[in-house]
Amino acid sequence: MHTRRGLLVGAAAALAVPAWLRGAWAAPHGSALPIPPLAQAGASGALRLEAIDGTHTFGAGRGGRGTPTLGFSQPFLGPVLRVQRGATARIDVQNGLREAITVHWHGLHVPGEVDGGPHNEIAPGATWRPALEIDQPASTAWYHAHRHGVTGPQVYGGLAGLLIVDDPGAADAALPRRYGIDDLPLVLQDRLFTADGRMVYAARGMAAMMGMRGDRIVVNGAITPVAGVPAGLVRLRLLNACNARILHLRFEDGRAMHQVGSEGGLLPRPVARRTLTLAPAERAEVLVDFADGRAARLLSAPDGNSPMMGGMMGMRGGGMGRVGGMGGMGGMGGMGGMGMFAEPEPVAADGAFEVMRFAVEPALAAAVRTLPQRLAQAAPAPRLGEPVRRRRFVLDTHGMMGGGMMGGGMMGGMGRGGMGTMAMSINGRPFDMARIDLAARRGETELWEVRASDMAHPFHVHGTSFQVLTLNGRPVDFESTGWKDTVLVDGTAELLVRFSRGAGEHAPYMFHCHILEHEDAGMMGQFTVA
Ligand SMILES: [Cu+2]
């Protein structure tokens, strides 16, 4: 392993960016940020989505020639759904595809039978009509395909969208709220394109192990776009909708991201961050001040999450490389000879690449100029009480392949392609639709201890929001993290979990890794709530 690690470090060093490139804004870019249409549940609460296939233009160059895609009611991705606390959203989901899908409401506290997990299958041509009783704080959630075994390719194809929960009783009045002007939905993804503009999805070998990653950053369906913003505070609803890439976001000029919300709702007060790590499925609402009138560029450091390097390296111990990974993936394409791991073109010395840009538009009046000191009526620190039991979850990329065990450190050769089916597991057992892994009870607080031994895994729990208690033994401050439904586990995490809705054996809830290739390969379990 020492040799291999040395090789990777060498590869990372070779990626160092020449001085002339720094700040030169050299990455491909150009198109204006698309704002997804808003689908607001009216008085009747009725909404409609249709899964379709289509053709979409992502930008200039690769991805700019009409790419075959999947989407909800549009060629790629779906509208931003807006639902209200206290109301029932009735969403007709029609499946216009030739393959079965499910649609999971990620972050909503709804019963298992309408949760959209693998058991809520929608056959081709069929319509699913869940009624979602919304009873949770104002927050930014999302929806995406969740059929077992094909979640990766279906989400990659475009079956995903944002979902905003409004709470008439929540005091977010002090926050920017003009949709598409100073309240921007940002669905962040990475994609790999062929020279003729098709998206590449190949979850085999290294891509199965590491998760499918691409070298083009796509925001709301446009490659590294530019958003026009007013010269004031702008609210960004950030969603990492990548299949596998962990984003380490920062502004090139060092300006702060004032985080005001996490997955399950608003924070008690804004938290100023220079860097913000978002793993797949994680969301954050941040306010960014553009009052200086200057254009700004949002960057991400490379994703070094890999079993070959024993996790995210820099993430664990502080010190150098804390925001980023190793930046080594670019070199691995060459090493592995598979060409699947090209990182986006770096624009900074640490290998960071462009995500998107913001340009101040004088024609847009700033509505909010002052950062609120407190977010009144935002969720207070939760009082979930003492847990009644502790459960342990070990996430493992080792599993059965063909007839034998495979090791996490193997290079290539595994996956669904040539050598049989790869099985990833939780507590040693790959996902089985016919097996209930655990039974929880409504209203009981439990402590879930989640361990990731070989690399970092974003762990997601359906049906509720939880509180992160500790990460690697260190207490986590609720005021800075808030309610979450997905947590990046790089080592051990302790979560305080409680369910208010039920899920039966016919439509249980899921817990799983949100690296979609890991989930599809079996790193998932299911549970009932009685
Ligand atoms: Cu994983």
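The values are calculated or read from the model by the stated rules, or taken from the named source; none is laboratory data. It should be emphasised that the depicted structure is a prediction, and the values quoted were computed from it without experimental measurement. Heads up, the Cβs are rebuilt from the backbone with ideal geometry, glycines too, and the neighbour counts pull from every protein chain shown.
One table, with the values for the structure above:
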item	result
Test: residue in segment 443-451 that is of a type in the set (Asp, Glu), within 16 Å of the ligand (Cβ to nearest atom) and not in a strand (DSSP E or B)	no
Residue in segment 304-317 that is in contact with a helix residue (DSSP H, G or I) (Cβ under 9 Å, 6 or more places away or on another chain), at pLDDT below 80 and surrounded by fewer than 19 Cβ atoms within 10 Å (Cβ to Cβ) present	yes
Test for residue 245: is it at pLDDT 95 or above, over 30 Å from residue 365 (Cβ atoms) and of a type in the set (D, E, K, R)	yes
Unique residue being within 15 Å of the ligand (Cβ to nearest atom) and of a type outside the set (Asp, Glu) when the list is 457, 506, 462	457
Every residue from segment 37-59 that is buried (at least 19 other Cβ atoms within 10 Å of the Cβ), closer than 15 Å to residue 131 by Cα and modelled with pLDDT under 90	41
Residue check for residue 387: assigned to a loop (DSSP other than H, G, I, E, B), modelled with pLDDT under 90 and within 30 Å of residue 305 (Cβ to Cβ)	no
Any pair with Cβ under 8 angstrom, 6 or more apart, that starts in segment 456-471 at a residue that is within 17 Å of residue 265 (Cα to Cα) and of a type in the set (S, T, N, Q) and ends at one that is assigned to a strand (DSSP E or B) and within 10 Å of the ligand (Cβ to nearest atom)	none
Test: residue in segment 181-194 that is among the basic types (Lys, Arg) and closer than 22 Å to residue 516 by Cβ	yes
Residue 428, sole failed condition from (1) in contact (Cβ under 8 Å) with a residue 60 or more places away in the chain; (2) within 16 Å of the ligand (Cβ to nearest atom)	(1)
Test: residue in segment 318-325 that is within 16 Å of the ligand (Cβ to nearest atom), under 30 Å from residue 195 (Cβ atoms) and either touching a helix residue (DSSP H, G or I) at 6+ places or on another chain (Cβ under 6 Å) or at pLDDT 75 or above (or both)	no
Subset tally (residues that are over 15 Å from residue 393 (Cα atoms) and part of a loop (DSSP other than H, G, I, E, B)) for segment 465-478	4
Segment 207-219 - residue that is crowded, with 24+ Cβ neighbours inside 10 Å and part of a loop (DSSP other than H, G, I, E, B) and, of those, nearest to the ligand (Cβ to nearest atom)	211
Qualifying residue in segment 421-437 (condition: modelled with pLDDT under 75 and either over 24 Å from residue 206 (Cβ atoms) or surrounded by 14 or more Cβ atoms within 10 Å (Cβ to Cβ) (or both))	yes
Residue identified as touching a residue at least 40 places away in the same chain (Cβ under 8 Å), crowded, with 23+ Cβ neighbours inside 10 Å and in contact with a strand residue (DSSP E or B) (Cβ under 9 Å, 6 or more places away or on another chain) among 107, 116	107
